[in-house]
Amino acid sequence: MADMMQEKPLYIWMISLHGLIRAEHLELGKDNDTGGQTKYVIELAKQLAMHPDVEKIDVVTRLIEDASVAEDYAKTEESVSEGCRIVRMQFGPKRYLKKESLWPHLDQAVDKCLNFLRQAERLPDYIHTHYADAGYVGEQLSLLLGIPLIHTGHSLGRPKLARMLANGRKASAIEKQFNFARRITSEEGVIQHSSLVVTSTQQEIQEQYGMYQHAADARFKVIPPGIDTSQFSPPLRSQATSKMQVEIEAYFADADKPLIVAISRPDSRKNIHGLLKAYGESKHLQAKANLLIVAGSREHVNQLEEGQKQIITGLLVDVDFYNLWGKVAIPKHFSQDEIPELYRIAAKKKGVFVNPALTEPFGLTLIEAAASGLPIVAPDDGGPRDIIGNCRNGLVVNTLDSDAIAGALLFVIEDKKRWRQFANNGIVGVWRHYSWTAHVEKYMKEVRRLLRKDLKRLRRQQAIYLPPEKNYISSANAALISDIDNTLVGDKRALNLLGTWLGEQRVKLVFGVATGRPVESAVAILKRNHVRTPDVIISSVGTEIHYGSRLVPDLGWAAHIRYLWRRDALAEALSAFPQLTLQTPENQREFKISYLVDPLNMPDIDSLKAYLHEKKLHAQLIYSHEEFLDILPIRASKGHAIRYFSYKWSLPVEHCLVAGDSGNDIEMLLGDTLAIVVGNHSQEIAHLRDETQVYFAKAHYAAGIMEGIAHYQPKLAHLLAAPKEDLVHV
Ligand code: GLC
Ligand code: MG
């Protein structure tokens, strides 16, 4: 089986929700949400699609219909390359939203994805999510469908929040703008649930993920992103002098000396002045090499934004102060597409690339320089440590220490043999560690390992969600959802017969229960009665939905019913009534407060409602069996839960058999469901006889359910026999 797995070509889902994603001409930098992540996701998908182990890749993103962005983003499907397409799901408003505003709409995204996958011929073998928003959606899908999850954070909430607080920003203002609480909660969940978290560096694992509670149990793997090495290549021996080389040489008195190159935004943390100081204070270094600094573009220094102006002015003043004319160049303009050639020129001159920044979490320019055959000197920080550790193509240095910078530069350029070794190591090392080929190879190795492991784990747990295609809910055409007490349970022999029948319908028929009991107690009574674990358990009077034997909670439902629910305030307000006695702790749930009442002492329900209304509290009050009072969110009930379930899994309510016996079952028996009332029903439900849709059985308990099934048999036989595809329009 493990070997078969290895042979089977994969179907992959890559989810990346925010920003603008299309197959061609990515609008990188158009806004904060369309940048490195977007580029990486599309490139990774393309590269993976070419891999022989991969059959198909869907890049799943948000559909946007908005006059302020291109029409491309409104297409539901777009082909990227062979075996690779973009699939856009519409959720939330049609207009473009920045990522901080997507949170309230993600549960809808989950539903849309489930809907899409239900129509698909095959479920993905795994889901790879990018950033916390997609992570949230992917985690739900993974839990609901039993598909393994891989996650890449790209950037993380906790470290970012810590940085902002350290910079003196007010916590409340930050929260309002960025929604960190929601982001961090999602990140914790994803880290805990993912089978694999992909990072770019070792430092990211230790320092960034290290800030998360669940990091200790998570599985991380450093798989640095691939870079497009085709643009960056070492100079050819025979390479003629380019126009750019002539222009560069014109800056220097002795242009034959090795060239030190630094490229960075004019930003104080990039520490360009530290580099100039190092060069200015070392006569030795000045004698050995020239220095070229690319620090953005400028027309007139005075027109630059204030921070940049200060930095550039400072550099020009320092050149003058150390008298570096003819040795240092700070060109006015340098465009992005000239950079590969600049690296080659420096390599030809046996120079060195230096990054004098104070910190460097990753260091893309270092990899580009290395691919061009240029040794590197860089800060002793996460990114450079990994790169130089992998490639052995230069030195890390304490960039706060100018002498150390100068010393490292000299060390690299002074010894020609050493220089050549570094240059070669860089070229080979980048190919081995940072090319797309290397990235995809490492990535696929991890994926294979994980899928094998996951399969074993699922087998061990005997989860109902065994291999993905065996997820009953997504392949079933019909459901039986029954109340437990006095409906399913009560007649052991009949229940046995029903159990046998259910066993025969597996795969095509979802089996569920809907009960007032808390989930643990529902599981216990079913066990005692030898009923198999339901595929779905709607418990605590419809306030909770769980799936399968692993009792995977439906977080989308929780998010939906949370609306206007203030549990603590409600409990506090109702504590004013001594006639209400709280039930045992296991009956008190996040979305349910339950009391025992003495019917003789029962406070009037309408005045209770009015009392809560006055306090601006919203809840449903459900009084039943002259004994119980349940306080629930206004959106929760067994009936609503069944409808939500039906919508979420695209299983029409007309395909759902529903059985009950008493008052709190009424709502789920009404409407389009195939309703069954058992013969032993209570009086409060008798009036449903007038509803044509509801079948009143003569037999009691499970025998009544069997009788109902027989009644609906013509319709059921059709549902249970036909393959799924034929049923879409039934
Ligand atoms: C179940 C629950 C209880 C609830 C009652 C009525 O017995 O355990 O908490 O009050 O149903 O819905
Ligand atoms: Mg009942």
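The values are calculated or read from the model by the stated rules, or taken from the named source; none is laboratory data. Predicted model only: the values in this text are computed from it and were never measured. A quick note on method: Cβ atoms are made from the backbone with ideal geometry, for glycine too, and the neighbour counts reach across all protein chains shown. Note: accessible area is taken over every heavy atom of the protein model, side chains too, but ligands, DNA and RNA are not part of it. Shrake-Rupley method; radii C 1.70, N 1.55, O 1.52, S 1.80 Å.
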Set Lys and Arg Cβ to +1 and Asp and Glu Cβ to -1, take the dipole of segment 166-214 about its Cα centre, and tell me which of H214, Q192, Q177 lies farthest positive. Q177
In debye to the nearest 20, the charge dipole size for the chain, taken about the Cα centre with +1 at each Lys and Arg Cβ and -1 at each Asp and Glu Cβ, equals 2060
Mean projected area in nm² (Cα convex hull; one quarter of hull surface) for segment 204-356: 12.3
Can you find, among L564, Q231, L600, the residue farthest towards the positive end of the dipole of the chain? Put +1 on the C-beta of Lys and Arg, -1 on that of Asp and Glu. Q231
Quick check: from the Cα gyration tensor, does segment 564-634 come out rounded (a/c under 1.5), prolate or oblate? oblate
Extreme residue, positive dipole direction of segment 243-434, given options P266, I312, G429 (C-beta unit charges): G429
Just the accessible area per residue of the chain, please: how many Å² with a 1.4 Å probe? 44
Could you go through segment 96-102 in sequence order and give the Karplus-derived ³J(HN,Hα) for each residue, using 6.51 cos²θ - 1.76 cosθ + 1.60 with θ = phi - 60°, rounded to whole Hz, and x for Gly and Pro? 5, 10, 6, 4, 5, 9, 7
Treating only Lys and Arg (+1) and Asp and Glu (-1) as charged, each at its beta carbon, one finds that segment 564-634 has a dipole about its Cα centre, in Debye to the nearest 20, of 340
So if we plug the beta-carbon distance of H618 and D66 into 1/(1 + (r/R0)^6) with R0 = 45 Å, what FRET efficiency do we get, rounded to 0.05? 0.85
Could you check the simple spin-label distance between S475 and K417, using points 7 Å along Cα→Cβ, in nm with one decimal? 6.7
Square roots of five times the Cα gyration tensor eigenvalues for the chain, Å: 64, 28, 20
Per the helix-only model, the chain has a calculated mean residue ellipticity at 222 nm (DSSP H runs of ≥4, -39500 (n - 2.57) each, divided over all residues, rounded to the nearest 500) of -12000 deg cm²/dmol
Across segment 313-421, qualifying lysine pairs (alpha carbons under 15 Å, at least 8 places apart or different chains) come out at 7
Highest average packing first - 705-715, 484-494, 75-85, Cβ atoms within 10 Å: 484-494, 705-715, 75-85
Using r as the Cβ-Cβ distance of D53 and Q579, and R0 as 56 Å, what FRET efficiency do you calculate, to the nearest 0.05? 0.25
Long-range amide H contacts for L674: which residues qualify at under 5 Å (H placed 1.01 Å from N, peptide plane, sequence gap of 5 or more or a different chain)? C656, L657, V658
Calc'd 3J(HN,Hα), segment 67-75, phi into Karplus 6.51 cos²θ - 1.76 cosθ + 1.60 (θ = phi - 60°), Hz, glycine/Pro = x, comes to 4, 7, 10, 4, 5, 3, 7, 9, 7
Spin-label model distance (nm) - A710 vs S101, 7 Å beyond Cα toward Cβ: 6.0
Quick one: what are the phi-derived ³J(HN,Hα) couplings along segment 252-269, Karplus 6.51/-1.76/1.60 with θ = phi - 60°, whole Hz, x for glycine and proline? 10, 5, 10, 6, 7, 5, x, 10, 8, 10, 10, 10, 6, 5, x, 9, 4, 5
To check my understanding: the extent here is largest minus smallest coordinate of the Cα atoms along each principal axis. What are those three numbers for segment 243-434, in Å, largest first? 45, 34, 33
Return the long-range amide H neighbours of T199 (sequence gap of 5 or more, or a different chain), with a cut-off of under 5 Å between placed amide H atoms. K221, V222, I223
Can you compute the FRET efficiency between A240 and A173 using 1/(1 + (r/R0)^6), with r the Cβ-Cβ distance and R0 = 56 Å? Round to the nearest 0.05. 0.45
Just check segment 146-201 against the gyration tensor rule for me: Cα atoms, a ≥ b ≥ c as the square roots of the eigenvalues, rounded for a/c under 1.5, and otherwise prolate or oblate depending on whether a/b exceeds b/c. prolate
Using Cα-Cα distances under 8 Å and only pairs 6 or more residues apart, what relative contact order does segment 243-434 have, in percent? 24
Quick one: work out the % antiparallel among DSSP beta bridges in the chain, nearest 5. 25
Interchain or long-range residues, amide H under 5 Å from S482's placed H: G512, V513, A514, A659
Dipole magnitude of segment 243-434, debye to nearest 20 (Cβ charges: Lys/Arg +1, Asp/Glu -1, about Cα centre): 660
